[in-house]
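Worksheet: the structure to be examined is printed underneath.
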Amino acid sequence: MNGLPLSLESIVIPLVLSLKVAGIATLIATILGVSVAWIAAKCDFWGKEILDAMMTLPIVLPPTVLGYYLLVLIGRRGPIGGWLNDVFGINLIFTWQAAVIAASFVAFPLVYKASRAALESVSEQLEQAARVLGKSELQIIVKITLPLASRGIIAGAMLAFARALGEFGATLMIAGSIPGKTQTLSIAVYEAVQAGQDNIANFLVVITSLVCLAILVSSNHFLRPKYRVN
Amino acid sequence: MTIDVCIDHAFDSGGHNFRLNVEFNSDAGITVIFGHSGAGKSLLLKAIAGLQSVSSGRIVVNQKTLLDSTSRINLASRDRNVGYLFQDYALFPHLTVSENVGFSKTPLFTKKCVDREAHRVGELLEVFRVKELAEKYPSEISGGQRQRVGLARALLQKPDILLLDEPFSALDPLLRIQMRQELRKIQELFKVPMMLITHDPQDVAELGERLVVIKDGAVSDSVDLTQMPYRDQSGMPIRPAIRDLLFTATGVNRA
């Protein structure tokens, strides 16, 4: 073992930052993912399968390609980044918010795919039954569709959180690796190995594995059904 | 209590054309719609409930116009106040028996029905003999019990008419006999007019007051069974006569 002595800060700061980034990204990805999945599952329109492919793209694209797209979009001279800079004076590149954006993009397809499958599996007849029983479309979504799809949606959100926690490539490109500011767990591991700080790397790797294990165990617990669909 | 139905709609499903063009009225307690599978019975029932849109027609239940294409009236399903018993009952699997029965009277974010209806939910659970199952989920109860829960759920909202989609087809024969008798009792108890669709002549013989036969999307016969001369001493229509009637109306040749 060589390298710098192990300090609490070098572990806790990237861990807290990673949990914050992954948590917010999962929230964003879940809200957007369920909304788009609902449209894809319940509406028929031209180009639906193209939309589906576009929404799934972040899974298959190399993270560097995704990072490059984001850099072009939200960079200071990009269409969105330029507008934010001109109107609000906000610069996103190399901030923790940029890490959230990168993580949201990679996490989105996981929620979207799982939610779409879950929403499509809800029997249309149950929604019709609720309609005849005097319920509005909003009430049907809240009382029937979402509860019956909730296990699939939660499973997707759990995977999305795990994926967001491990996000590396796109985050490095648009948020960089600023210790204490944008250096998440997975980037801190890389930096520690590069710098030869094996003791820090070891510790970070163990912590990351434990957090992921905890997510999987708790997701199994949450997803145990209390009723059968048939 | 009268039901007036007049529907004309052309369906195009995968290059297969089907036209539903029916007109009939009924003031019977139980109207039985009889026809082969694919004759258009289910579409008719869905159209009355507003679950199937039709291009033109008029549906009036008890002086309440649910649909009138000439004056552009087309009430949404939720405003029609019809009860609907689906073929497999369509109970909500994530709700308990009592939550299912109370469903039509629940606020947006709760599973429990509003307090002023809780008493009626309890009464219905008792009438339909499912009170001891109140906290069970639909997957934990039998087919006959599910059907009674489905009926109780539909009756809580005091519908103007109760539509039943092949209500006995999923039950085993002995239970079928029992449920037919129960349905008749329920009709007398709640005074709710019922319209049920079936392809079982036995349902016609034991339940029908008004018989409407549908063939290839059109009404081929409409008979007031209570006025039929062929009844035995107990007042039950004599089955062979009904069978003959059904054979003739559906165009099936007797072997």
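The values are calculated or read from the model by the stated rules, or taken from the named source; none is laboratory data. Because the structure is a prediction, the values reported are computed rather than measured. All Cβ positions, even for glycine, are placed from backbone atoms using ideal geometry, and neighbour counts span all protein chains on display.
Just one of (1) at pLDDT 85 or above; (2) under 22 Å from A:GLN128 (Cα atoms) fails for B:SER13. It is (1).
Being touching a Ser or Thr at 6+ places or on another chain (Cβ under 6 Å) and of a type outside the set (A, V, I, L, M, F, W, C) is a property that A:SER18 has. Across segment A:107-136, which residue is nearest to A:PRO147 (Cα to Cα) among those that are surrounded by 22 or more Cβ atoms within 10 Å (Cβ to Cβ) and facing chain B (nearest Cβ under 10 Å)? Out of the qualifying residues, it is A:ALA130.
Picking from A:SER219, A:SER177, which residue would you name as being of a type in the set (S, T, N, Q) and part of a loop (DSSP other than H, G, I, E, B)?
On the way: A:SER219 fails: part of a loop (DSSP other than H, G, I, E, B).
None of the other options fit; the residue is A:SER177.
Condition test on B:GLY50, is it on the phi > 0 side of the Ramachandran plot, surrounded by 18 or more Cβ atoms within 10 Å (Cβ to Cβ) and more than 14 Å from every other protein chain (Cβ to nearest Cβ)?
When the stated conditions are applied, B:GLY50 does not pass them.
Pairs linking a residue in segment B:47-60 that is closer than 16 Å to B:ARG19 by Cα to a residue that is basic (Lys, Arg), with Cβ atoms under 7 Å and 6 or more positions apart or on different chains, are B:GLN52/B:LYS46. The single residue among B:THR110, B:THR96 that is within 10 Å of chain A (Cβ to nearest Cβ), of a type outside the set (Lys, Arg) and within 21 Å of B:GLN145 (Cβ to Cβ) turns out to be B:THR96.
Could you please find all residues in segment B:186-206 being closer than 18 Å to B:PHE128 by Cβ and under 15 Å from the mean Cα position of the chain (by Cα)?
Passing the criteria: B:ILE186, B:GLN187, B:PHE190, B:LYS191, B:VAL192, B:MET194, B:LEU196.
Residue check: is A:SER186 under 30 Å from B:LEU108 (Cβ atoms), more than 14 Å from chain B (Cβ to nearest Cβ) and under 19 Å from the mean Cα position of the chain (by Cα)? When the stated conditions are applied, A:SER186 does not pass them. Selection within segment A:58-94: residues that are of a type in the set (Phe, Trp, Tyr) and more than 18 Å from A:VAL106 (Cβ to Cβ). The member of this set that is surrounded by the most Cβ atoms within 10 Å (Cβ to Cβ) is A:PHE94.
Considering (1) more than 23 Å from A:LYS135 (Cβ to Cβ); (2) surrounded by 14 or more Cβ atoms within 10 Å (Cβ to Cβ); (3) of a type in the set (Val, Ile, Thr), the lone condition that B:ILE59 does not fulfil carries the number (1). A count restricted to segment A:111-147 and to residues that are under 22 Å from the mean Cα position of the chain (by Cα) and among the aliphatic types (A, V, I, L, M) stands at 6. Between B:SER142, B:SER71, B:SER98, B:SER169, the distinction of being polar (S, T, N, Q), in contact (Cβ under 8 Å) with a residue 12 or more places away in the chain and surrounded by fewer than 22 Cβ atoms within 10 Å (Cβ to Cβ) belongs to B:SER169 only. Which number in (1) more than 24 Å from B:ALA39 (Cβ to Cβ); (2) within 13 Å of chain A (Cβ to nearest Cβ) marks the one condition that B:TYR84 misses? With respect to (1) more than 24 Å from B:ALA39 (Cβ to Cβ); (2) within 13 Å of chain A (Cβ to nearest Cβ), B:TYR84 is out only on (1).
The set of residues in segment A:16-52 being exposed (fewer than 14 other Cβ atoms within 10 Å of the Cβ), closer than 26 Å to A:LEU148 by Cα and under 18 Å from the mean Cα position of the chain (by Cα) consists of A:ILE31, A:SER35. Those helices (runs of 4 or more DSSP H) of segment B:155-255 in which 3 or more residues are within 18 Å of B:THR31 (Cα to Cα) and at pLDDT below 85 occupy B:201-207, B:239-250.
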